[in-house]
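Here is the structure we will look at.
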Amino acid sequence: MNVDTIPDFLAEQRDSAPEELQPLVLEFETLWERKLWHQLTNQLIEFFNHPGSAPQRLQFYKVFVLKFADKINQLKLVDLALKAATQCRGTRGRHPTLPVLCCVVLCCAVLTVGWADNQERLSFMEAVAKKVDNEDSQDALVFATIAVARVKLDLNDLDGARKDLDRAEQILDSFDSVETIVHAAFYGANADYYQAKADFGSYYRNALLYLACIDIKSLSPAERRNRAYDLAIAALVSSSIYNFGELLLHPILDALSERDDDKWLRELLFAFNRGDLAAYEVLADKIQSNALLLRHGRQLHEKIYLAALTEAVFRRPPHDRAMSFATIAAETKVRMDEIEHLIMKALSLGLLRGTIDQVDQVAHIDWVQPKVLDMKQIDNMRQRLKEWDSSVDQLGNWIERVGQDVWAA
């Protein structure tokens, strides 16, 4: 389209736009003629952010935005391209191992609605990435590359997506600083990749990093619920996560308190955190009803036994952590012939530090991994501090009583 026809294009789009957006479109022409690219970009972002602009975004991007694409902030250019791509057809498929995950608000826009097929969408995003592949716009290149990786995930090209994400990570590591939305897009895409690979530990870590980069209030209630649900399930079934502290402290978990059908999952996490075998048994029926938890039932039992062991050690004062196998069996409900293996597992995972006396069947524990405490655990610590204070007071009185002659001298 010739530059002279831009006013005609804007006039046509203004007439097609919702009434509340028409003043914005009218202002586009003024800013275009005055070559106020920064102001024009901001106005376009405001326009693209409005839900009513969805049918016009792709046309605006291809006909209007590309006319001055080299004159504006390249990261904002990719932002506009991603929002324009919401008209692409197709939705991201779900992996059977986890419920649907929420994508990064900006970068996942490419996966929702508009063109004929995924391959055409991939070509569009690759063209965007190629356009911003300049020395001065590497942050925009990363942002676009992540979007390309997402489309490849949609095409089940996991190897191709991994290569793009690795390339993006390599560039990210070379930056001193970068916009938060780029990090959010990277961690969100990484989380989706590990979801597809059923790598629950890596998904858990990347999803939490993603949440650290965004304001969770920007997510809808359904998105918050889905993210909290996915994180909780991943934490429970992962073979590498035994401490849920970061998740338990995160406000995203409150989303599981809003529906009665989800409250049990939140309660289960806290039961694992405090090693509460009784609460675990109460929730056993709920666990059986979840296919993924049922499939990892043996691992869940091992986790709750380890949690019960670390909680039993934590409740004891540091000078009283020589525990017989019989005591541990009573605390954890584990058979005597499996106690040694349980302790060795806890030592190998770094949950405990100490030694095992196999002859006397005693475990000498020197250290237990810190954890998030609930009110009951805090009260137990308070009681231990009161006991310590009392013992110090008694020691002071004893020294004063038996050392009277020394003090007098």
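The values are calculated or read from the model by the stated rules, or taken from the named source; none is laboratory data. The shown structure was predicted, so the numbers you read here are calculated from the model rather than taken from an experiment. Virtual Cβ from ideal backbone geometry, glycine too; neighbours counted across all protein chains shown. These accessible areas exclude ligands, DNA and RNA; they are computed on the full protein's heavy atoms, side chains included. Shrake-Rupley method; radii C 1.70, N 1.55, O 1.52, S 1.80 Å.
Tabulated data for the structure shown
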read-out: Of all residues in region 352-409 being modelled with pLDDT of 80 or more and of a type in the set (Gly, Ala, Ser), the one that is farthest from Asp337 (Cα to Cα); value: Gly396
read-out: Among residues of region 23-37, those that are within 19 Å of Ala84 (Cα to Cα) and open to solvent by 60 Å² or more (accessible area, probe 1.4 Å), counted; value: 0
read-out: Matching residues, region 168-184, being at pLDDT 95 or above and either touching a Ser or Thr at 6+ places or on another chain (Cβ under 6 Å) or of a type in the set (Gly, Ala, Ser) (or both); value: Ala168, Ala184
read-out: Unique residue being within 18 Å of the chain's Cα centre (by Cα) and part of a helix (DSSP H, G or I) when the list is Ala161, Ala185; value: Ala185
read-out: Residue that is surrounded by the most Cβ atoms within 10 Å (Cβ to Cβ), among those in region 191-209 that are of a type in the set (A, V, I, L, M) and part of a helix (DSSP H, G or I); value: Ala191
read-out: Which numbered condition Leu155 misses (of (1) modelled with pLDDT of 95 or more; (2) under 25 Å from Leu292 (Cα atoms)); value: (1)
read-out: Check on Leu58, modelled with pLDDT of 95 or more and crowded, with 18+ Cβ neighbours inside 10 Å; value: no
read-out: Filter result (assigned to a helix (DSSP H, G or I), surrounded by fewer than 16 Cβ atoms within 10 Å (Cβ to Cβ) and among the aliphatic types (A, V, I, L, M)) within region 299-346; value: Ala326, Ala330, Met336, Met344
read-out: Residues of region 347-368 that turn out to be under 20 Å from Gln299 (Cβ atoms), out of contact with any helix residue (DSSP H, G or I) (no Cβ under 6 Å at 6 or more places or on another chain) and surrounded by 12 or more Cβ atoms within 10 Å (Cβ to Cβ), as a count; value: 2
read-out: Some residue of region 298-321 being touching a strand residue (DSSP E or B) at 6+ places or on another chain (Cβ under 9 Å) and among the β-branched types (Val, Ile, Thr); value: yes
read-out: Qualifying positions in region 326-353 - under 17 Å from Arg315 (Cβ atoms) and touching a residue at least 60 places away in the same chain (Cβ under 8 Å); value: Leu351
read-out: Output for region 38-75, where each listed residue is among the aliphatic types (A, V, I, L, M) and within 18 Å of Ala17 (Cβ to Cβ); value: Leu40, Leu44, Ile45, Ala54, Leu58, Val63, Val65
read-out: Subset of region 280-298 (residues that are part of a helix (DSSP H, G or I) and touching a Leu at 6+ places or on another chain (Cβ under 8 Å)); value: Tyr280, Lys286, Ile287, Gln288, Leu292, Leu293
read-out: Members of region 210-246 that are in contact (Cβ under 8 Å) with a residue 24 or more places away in the chain, over 11 Å from the mean Cα position of the chain (by Cα) and assigned to a loop (DSSP other than H, G, I, E, B); value: Leu219, Ser238, Ser239, Ser240, Ile241, Tyr242, Asn243, Phe244
read-out: Condition met for Gly188 (closer than 25 Å to Arg295 by Cα and open to solvent by less than 30 Å² (accessible area, probe 1.4 Å)); value: no
read-out: Residue check for Ala291: surrounded by 12 or more Cβ atoms within 10 Å (Cβ to Cβ) and small (Gly, Ala, Ser); value: no
read-out: Matching residues in region 63-84 - criterion: being surrounded by fewer than 23 Cβ atoms within 10 Å (Cβ to Cβ) and more than 19 Å from Leu31 (Cβ to Cβ); value: Leu75
read-out: Qualifying residue in region 271-285 (condition: under 19 Å from the mean Cα position of the chain (by Cα) and surrounded by fewer than 17 Cβ atoms within 10 Å (Cβ to Cβ)); value: no
read-out: Subset tally (residues that are surrounded by fewer than 20 Cβ atoms within 10 Å (Cβ to Cβ) and either among the β-branched types (Val, Ile, Thr) or assigned to a helix (DSSP H, G or I) (or both)) for region 253-264; value: 7
